[in-house]
Amino acid sequence: MLDVKKIMSLKGKRKLTMLTAYSYFQARMLEEAGVDMILVGDSLGNVMLGYDNTLPVVMEEMKIAVSAVRRGAPNTFVIADLPFLSYQTSLEKAVENAGSFLKIGANAVKLEGGTEVTSIVDCLVSFGIPVMGHIGLTPQYVNAIGGYRVQGKDQPSRERLIGSSEELARSGVFSLVLELVIEDVSQQITEKLPVPTIGIGAGRFCDGQVLVLHDMLGINTEFTPKFVKHFAHLRSEVVRAVSKYVEEVKAGSFPAEENVFKKEEM
């Protein structure tokens, strides 16, 4: 299993891989495939719970997912997303919630925001809680930034992103997610920072990449932004398999003789 120091030491040596997972079997498959890091993202609100965005996600939902992922991937570095309002209201609440993730098996936590969260990062790191930062498009700020838009298009936005990245690095993040950031800005940030950057829609020059599992597997086909690549098309395969099951049950061809138990086998 990677640890924080090893992850930081890989900057400039090789690309880091991260995917989201929310359940035991998802985590088992990611560990078997050799993913460096698993993010238990608050994106579970969108892809597992059917929410319109990540804002309704609560700690209890995240804890269930984090515990399941740790059981499924005992030898992979696991990062737990701190959901909306689990860290913003007080330092005490931030420490309590972040610490509760580590108690159930997470190796680190992730939180969203720039300079406004550096005091929280300072506090968590001082208590031995590794923190991954997240700037650019920050879904928990969707109401404030006016929707899901690419960041870094104008000079003030570029300067804000670069300044935030530097402040977060000084506060002690061990890595930084850059989401929907113009490529030359993410390149500049990556070259400046001593810690790895993990891109999602932030171009080719980040130190690593992350995608939501349901997006890259072609399960969430309603969400098709430019930065997502479908490495499989599982939704159509699942629909095909379930349709076949429905057809065979209705026709009486399943269960077949080989699927039933007989007295002589007992």
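The values are calculated or read from the model by the stated rules, or taken from the named source; none is laboratory data. Given the structure is predicted, the values throughout are model-derived calculations rather than measurements. Here Cβ is always computed from backbone atoms with ideal geometry, including for glycine, and neighbour counts include all displayed protein chains.
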**Asked** Hey, among Thr89, Thr118, which residue is closer than 20 Å to Thr197 by Cα, modelled with pLDDT of 95 or more and either surrounded by fewer than 16 Cβ atoms within 10 Å (Cβ to Cβ) or not basic (Lys, Arg) (or both)?
**Response** Thr118
**Request:** Name the single residue, out of those in region 59-86 being within 22 Å of Met1 (Cα to Cα) and of a type in the set (D, E, K, R), that is surrounded by the most Cβ atoms within 10 Å (Cβ to Cβ).
**Result:** Asp81
**Request:** Could you give me the residue pairs with C-beta distances under 8 Å whose first residue belongs to region 203-228 and is at pLDDT 95 or above and assigned to a strand (DSSP E or B), whose second residue is among the basic types (Lys, Arg) and surrounded by fewer than 16 Cβ atoms within 10 Å (Cβ to Cβ) wherever it lies, and which are 6+ apart or on separate chains?
**Result:** Gly208/Lys15; Gln209/Lys15; Leu211/Lys229
**Message:** If I ask for residues that are touching a strand residue (DSSP E or B) at 6+ places or on another chain (Cβ under 9 Å) and either polar (S, T, N, Q) or part of a loop (DSSP other than H, G, I, E, B) (or both), which ones from region 119-157 would you list?
**Reply:** Ile129, Pro130, Leu137, Thr138, Gln140, Val150, Gln151, Gly152, Ser157
**Item:** Of the criteria (1) surrounded by 21 or more Cβ atoms within 10 Å (Cβ to Cβ); (2) free of Cβ contacts under 8 Å to residues at least 40 places away in the same chain; (3) among the β-branched types (Val, Ile, Thr), which one Val95 fails
**Value:** (1)
**Request:** Return yes when Phe84 is within 23 Å of Pro196 (Cα to Cα), within 15 Å of the chain's Cα centre (by Cα) and not polar (S, T, N, Q) and no when it is not.
**Result:** no
**Message:** Here is a list: Arg71, Arg160. Which entry is more than 25 Å from Ala21 (Cβ to Cβ) and among the charged types (D, E, K, R)?
**Reply:** Arg160
**Item:** Looking only at region 32-58, and only at residues there that are surrounded by 18 or more Cβ atoms within 10 Å (Cβ to Cβ) and touching a Pro at 6+ places or on another chain (Cβ under 8 Å), the one that is nearest to Val212 (Cα to Cα)
**Value:** Ser43
**Verdict on Lys63 being within 24 Å of Val195 (Cα to Cα) and of a type in the set (Lys, Arg)** = no
**Message:** What pairs come out if I take residues in region 58-79 that are over 17 Å from Ala108 (Cβ atoms) and pair them with residues that are hydroxyl-bearing (Ser, Thr, Tyr) whose C-beta lies under 7 Å away, six or more apart or interchain?
**Reply:** Ala68/Ser23; Ala68/Tyr24; Arg71/Tyr24; Gly72/Tyr24
**Prompt:** Quick check: anything in region 165-173 surrounded by 13 or more Cβ atoms within 10 Å (Cβ to Cβ) and either more than 28 Å from Ala94 (Cβ to Cβ) or under 15 Å from the mean Cα position of the chain (by Cα) (or both)?
**Reply:** no
